[in-house]
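Here is the structure we will look at.
The values are calculated or read from the model by the stated rules, or taken from the named source; none is laboratory data. Treat the numbers as computed from the prediction; the structure is a model and nothing was measured. Positions of Cβ are backbone-derived with ideal geometry, glycine not excepted, and every protein chain shown enters the neighbour counts. The accessibility values were calculated without ligands, DNA or RNA, using every heavy atom of the protein model including side chains. Shrake-Rupley method; radii C 1.70, N 1.55, O 1.52, S 1.80 Å.
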Amino acid sequence: MALYSEKVMDHFRNPRNVGSIENADGIGEVGNAKCGDIMKIYLKIDDEKISDVKFETFGCGSAIASSSMATEMIKGKNLSEVMKITNKAVTEALDGLPAHKLHCSVLAEEAIQAAVKDYCKKNNREFNFV
Ligand code: FES
């Protein structure tokens, strides 16, 4: 069996939503100290909904595929839905990742949460979602 699914390879080769957003409403940057990879997520939020999202990932192929898939998954969603997206959901949407690459999808979950947190801080909104 191939180490990486077709979906991982597709999102790695043709990543969606790459780039940055000027005047983003929320920015989240996280890294993994062990591998040194860094992921940055930019959110444009209108009426508590993700109207645009971009990412910059300096990291491995699985991190790029995870960022690409995660950004696709949160587009158009409201913040409570976004906060429920876990690395497990991202991994499943990618049809799996090898065990030693699961931390790459954790970066996507953490970067999104950090970006939402940043948005809340800038808007004096409680970081509290039901
Ligand atoms: Fe660290 Fe993929 S090897 S994010």
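Things worth noting here:
- Against the numbered list (1) polar (S, T, N, Q); (2) free of Cβ contacts under 8 Å to residues at least 60 places away in the same chain; (3) within 16 Å of the ligand (Cβ to nearest atom); (4) surrounded by fewer than 18 Cβ atoms within 10 Å (Cβ to Cβ), Ser5 comes up short only at (2).
- Selection count, region 19-36, where residues are more than 16 Å from the ligand (Cβ to nearest atom) and either touching a helix residue (DSSP H, G or I) at 6+ places or on another chain (Cβ under 9 Å) or in a helix (DSSP H, G or I) (or both): 4
- Helices (runs of 4 or more DSSP H) lying entirely in region 37-93 (those with 3 or more residues that are open to solvent by 20 Å² or more (accessible area, probe 1.4 Å)): 61-74, 87-93
- Filtering Ile64, Ile112 for residues that are under 19 Å from Arg13 (Cβ atoms), under 11 Å from the mean Cα position of the chain (by Cα) and among the β-branched types (Val, Ile, Thr) leaves a single hit, Ile64.
- Positions within region 94-103 being within 14 Å of the chain's Cα centre (by Cα) and surrounded by fewer than 21 Cβ atoms within 10 Å (Cβ to Cβ), in sequence order: Leu102, His103
- Verdict on Asn78 being within 13 Å of the chain's Cα centre (by Cα) and modelled with pLDDT of 95 or more: no
- The lone exception for Glu29 - which of (1) under 12 Å from the mean Cα position of the chain (by Cα); (2) open to solvent by less than 40 Å² (accessible area, probe 1.4 Å) it fails: (2)
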